[in-house]
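Have a look at the structure below, then the notes.
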Amino acid sequence: MGLKMIRTAVLGVAALALGAVATSASAAEATLTNVHNCCNSCKKGIDAAVTGAGATAKIEKSTITVTAADDAGVKKAVDALLAAGYYGDGAPAGAAASDAKAKSVTVEGMHLCCGKCVDAFNKAATAAGGTKTDAAKNAKTVVVEGDVSAKAVLDALHKAGFNATVK
């Protein structure tokens, strides 16, 4: 190979490398903090939700950094994380829940993969004024009893790193 061809090949490789840097520099990301992540199953659930939406997740304890090709990809991945029952500071709050007191509030869609998740859920429910729940491992729907409001329960769950919807 002549000198001119080697120089052209080196410049071509450099251009490809710069293109890769430029592509990754244009990626979008969002960081969520205080996400419930108490065990390996939680971590797997977080990763599955984010990667299933076409993004990547850097998981460091309760801090999750979501990276995608663009803002729409990040939004899709964060929405998938919320739908999987996780919540973190930096995520959209969702629809406002009622602040009216009730004897019970039924929530669904939170991530309860183990006893630690259930304990954290119950602690959040108690902080919201709940006196009893029927939370159990892998439950999809939980009733929080007491003199509680849907808003107080959801706010407490968010603070504990869980997402749910009021049924």
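The numbers here are math on the coordinates, done by the rules we state, and not lab data. These figures come from a predicted structure and were not determined experimentally. Neighbour counts are summed over all protein chains in view; Cβ atoms, including those assigned to glycine, are modelled from backbone coordinates with ideal geometry.
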Self-check item: Paired Rg and Dmax values of the chain, which use every Cα atom, in angstrom
Solution: 21.5, 84
Practice problem: Specify the residue with the greatest mean-square fluctuation among THR131, THR51, THR31, computed from a Gaussian network of the chain linking alpha-carbon atoms under 10 Å apart. | Solution: THR131
Quiz item: Roughly how tilted is helix 3-25, in degrees to the nearest 10 and between 0 and 90, from the longest Cα axis of the chain?
Solution: 10 degrees
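Once you keep just the Cα pairs under 8 angstrom separated by 6 or more residues, what percentage relative contact order results for segment 27-92?
Values: 118 pairs, mean separation 29.8, N = 66.
Reported as a whole number, the value is 45 percent.
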Quiz item: Once both labels are modelled 7 Å past Cα along the beta-carbon direction, what's the LYS151-THR126 spacing in nm?
Solution: 2.5 nm
Practice problem: Using a 10 angstrom cutoff on alpha carbons, build the Gaussian network for the chain and name the most mobile of LEU32, LEU157, LEU81. | Solution: LEU32
Practice problem: Any chance you could run the full-extension gain for ASP70 through VAL166? It's 0.36 nm times the residue separation minus the Cα-Cα distance, nm to one decimal. | Solution: 31.5 nm
Exercise. Once you've got the GNM for the chain with C-alpha springs shorter than 10 Å, pick whichever of ALA80, ALA96, ALA125 has the biggest mean-square fluctuation.
Key: ALA96
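Normalised by the residues of segment 101-166, what does the relative contact order come to in percent, with Cα pairs under 8 Å and at least six apart? Display every interim value, and only then the final one.
Working: 135 pairs, mean separation 30.2, N = 66.
So the answer I get is 46 percent.
Work out, step by step, the length gained on full extension between LYS116 and LYS61: first 0.36 nm times the residue separation, then minus their alpha carbon distance; give nm to one decimal. Write down the numbers at each step before the final one.
Working: separation 55, 0.36 × 55 = 19.80 nm, distance 1.46 nm.
Full extension from LYS116 to LYS61 adds 18.3 nm.
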Self-check item: Rounded, prolate or oblate (a/c below 1.5 giving rounded, otherwise prolate when a/b exceeds b/c) for segment 27-92 by Cα gyration tensor
Solution: prolate
Exercise. Can you tell me the relative contact order of the chain? Whole percent, Cα pairs under 8 Å, sequence separation 6 or more.
Key: 23 percent
Exercise. Could you tell me which of the pairs LYS101/LYS123; LYS58/LYS167; LYS43/LYS137; LYS75/LYS132 are separated by over 27 angstrom between their Cα atoms in the structure shown?
Key: LYS58/LYS167; LYS75/LYS132
Quiz item: So how tilted is helix 115-127 from the main axis of the chain? Cα-based, degrees 0 to 90, rounded to 10.
Solution: 60 degrees
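Just check segment 60-144 against the gyration tensor rule for me: Cα atoms, a ≥ b ≥ c as the square roots of the eigenvalues, rounded for a/c under 1.5, and otherwise prolate or oblate depending on whether a/b exceeds b/c.
Values: a/c = 2.42, a/b = 1.68, b/c = 1.44.
Prolate, since a/c reaches 1.5 and a/b exceeds b/c.
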